[in-house]
Amino acid sequence: MTAIPDDERRITIDATVLHDHCVALLRALGVAPADADVTAAVFVEAELMGEESHGLRLFLHVLGRLAAGGDCAATTITVVRDRGAIALWDAERSLGQVTAVRAMARAIEKAREHGIGLVAVRNGNSLTSAKHYALQAARAGLIGIVTTNTSRRLMPPPGGRTPVLGNNPVAVAAPAGRHGCFALDMACTAAAVERILRARDLGIPIPPGWALDRDGRDTTDPAAALESLSLLPFGGYKAFGLAMVHEIITSVLAGGAMRGGGSSGFQPYDGPMHTAFTLQAIDIEAFQPRAAFEQRMEEFLDAITAVEPIEPGGRIVFPGERAQAEQARRRRDGIPVVAQTVETLGAWAAKLGVAARLGA
């Protein structure tokens with residue numbers, strides 16, 4: 001009989017139960033009820049969509065940061081400038097999820113008035129899943145665009161060996177009629193750190209083109225990649241240039257700390273992350289009736305997915321389609337959470353005096 005590794009064993013939990021447990025932990029750490037609800041929703045939605053890299057694994061880091069003071073439990077946002085279609089905020093190290101949800105809500109308000117709305121935020125903490133906020137706009141009937149820099153430098157310039165930029169992701173979402181929502185969410189590195197960690201744990205090599213070793217050479221050894229933490233852009237100089245654009249329209253534009261300001265990710269838990277993000281909303285109704293736009297989106301996506309697949313029995317999908325299907329399935333059947341994560345959430349509950357809500 002083969003033992004199931006701890007990182008493979010799963011416990012299926014209802015999404016509402018999981019959400020309520022996360023809310024209870026956040027409230028015990030001093031987060032206001034409404035802010036706790038918003039924050040938990042971001043991480044649970046990532047789990048619902050099958051995107052565990054941005055789900056509970058990062059939620060545990062946020063708990064650690066709240067306990068240590070790196071993320072402020074009380075949301076304090078300073079409006080530096082608010083003029084016409086734009087606003088500039090200083091997040092004052094408030095929870096990234098709360099700040100980003102509020103910023104997109106403000107961008108939507110401005111878009112409904114001006115046709116487009118943009119809110120730039122500096123001095124923030126990680127917003128984790130950029131797609132969540134782009135979808136916030138799309139579900140309200142607008143186009144959402146989210147860009148962020150990151151607090152850890154992971155990517156060297158083409159021809160260089162020293163990381164100078166984060167993976168600086170972008171997310172774009174739009175309503176798409178019977179297709180639900182189009183939702184593109186991508187970082188500028190060829191692979192996420194989590195995939196390299198996974199390869200190391202499984203004892204398998206990583207593909208060429210993912211990372212450099214400490215000497216600046218392409219490596220297929222995940223341990224060497226994790227030692228250097230020098231990840232390559234997915235499209236060479238093109239993706240690196242795109243990451244530079246994201247830095248310009250986030251931290252450079254907002255007057256925030258550039259390139260993460262020397263931060264090193266979620267840890268140390270009591271330190272700042274120095275992230276900056278820009279949230280944009282475009283009001284479709286300023287250009288054409290929403291129904292007409294969604295019909296055109298249906299026709300557009302129909303044309304894309306109608307392409308004959310190379311592999312027999314294959315199927316062409318559009319960005320966001322798989323995540324929507326997985327979300328519906330997991331909402332119905334429950335979320336398969338790594339058992340070790342469930343145990344850690346239970347340990348936090350015991351530490352904070354929160355009544356246990358999850359199965360063991």
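Annotation: amide H-H contacts under 5 Å for Cys181 (H modelled 1.01 Å from N, sequence separation of 5 or more, or interchain): Ala176.
Given the -39500 (n - 2.57) contribution per DSSP H run of 4+ residues, what per-residue ellipticity at 222 nm results for the chain, rounded to the nearest 500 deg cm²/dmol?
Numbers: 11 runs with 143 residues, N = 360.
For the chain, the value works out to -12500 deg cm²/dmol.
Gap in Å between the Cα centre of the range 247-261 and the Cα centre of the range 56-111? So the separation of the two Cα centres works out to 15 Å.
Stretching Phe300 away from Ala325 to a fully extended chain increases their span by 7.0 nm, per 0.36 nm per residue minus the current alpha-carbon distance. Per-atom-type breakdown for the range 287-360 gives carbon and sulfur 55% of the accessible area (1.4 Å probe, protein chains only). Across the accessible surface of the range 201-248, with the other protein chains kept in place and a 1.4 Å probe, carbon and sulfur atoms take up 61 percent. Computed from these coordinates, which is semi-axes √(5λ) of the Cα gyration tensor in Å: (1) 35, 23, 22; (2) 28, 26, 25; (3) 47, 29, 16? Here the calculated entry is (2). Computed over protein heavy atoms with a 1.4 Å probe, the carbon and sulfur contribution to the accessible area of the range 84-164 reaches 50%. The peptide list 185-195, 218-228, put in order of mean Cβ contacts within 10 Å with the highest first, becomes 185-195, 218-228.
For the chain, the relative contact order comes to 24 percent (Cα pairs under 8 Å, sequence separation of at least 6).
Averaging the Cα positions of each part gives two centres, and for the range 120-169 and the range 18-34 these lie 25 Å apart.
In Å², and per residue, what accessible area does the chain have when probed at 1.4 Å with the other protein chains present?
On the way: 16300 Å² over 360 residues.
Ligands and nucleic acids excluded, the result is 45 Å² per residue.
Residues whose amide H comes within less than 5 Å of that of Thr189, counting only those at least five positions distant or on another chain, are Phe234 (H built at 1.01 Å from N in the peptide plane). Under 5 Å from the amide H of Ser230 lie the amide H atoms of Leu212, each residue being 5 or more positions distant or on a separate chain, with H modelled from the backbone and absent for Pro and chain starts. Counting only residues at least eight positions apart within a chain, or on another chain, the aspartates and glutamates with an alpha carbon under 19 Å from that of Lys238 are Asp185, Asp218, Glu247. Which length gain, in nm to one decimal place, applies between Gln340 and Arg9 when the Cα-Cα distance is subtracted from 0.36 nm times their residue separation? Going from the current span to full extension adds 118.4 nm.
The values are calculated or read from the model by the stated rules, or taken from the named source; none is laboratory data. Computed from a predicted structure; not experimentally measured. Neighbour counts run over all protein chains shown; Cβ positions are idealised from the backbone, glycine included. In case anyone asks, the SASA skips ligands and DNA or RNA and just uses the protein heavy atoms, side chains included. Shrake-Rupley method; radii C 1.70, N 1.55, O 1.52, S 1.80 Å.
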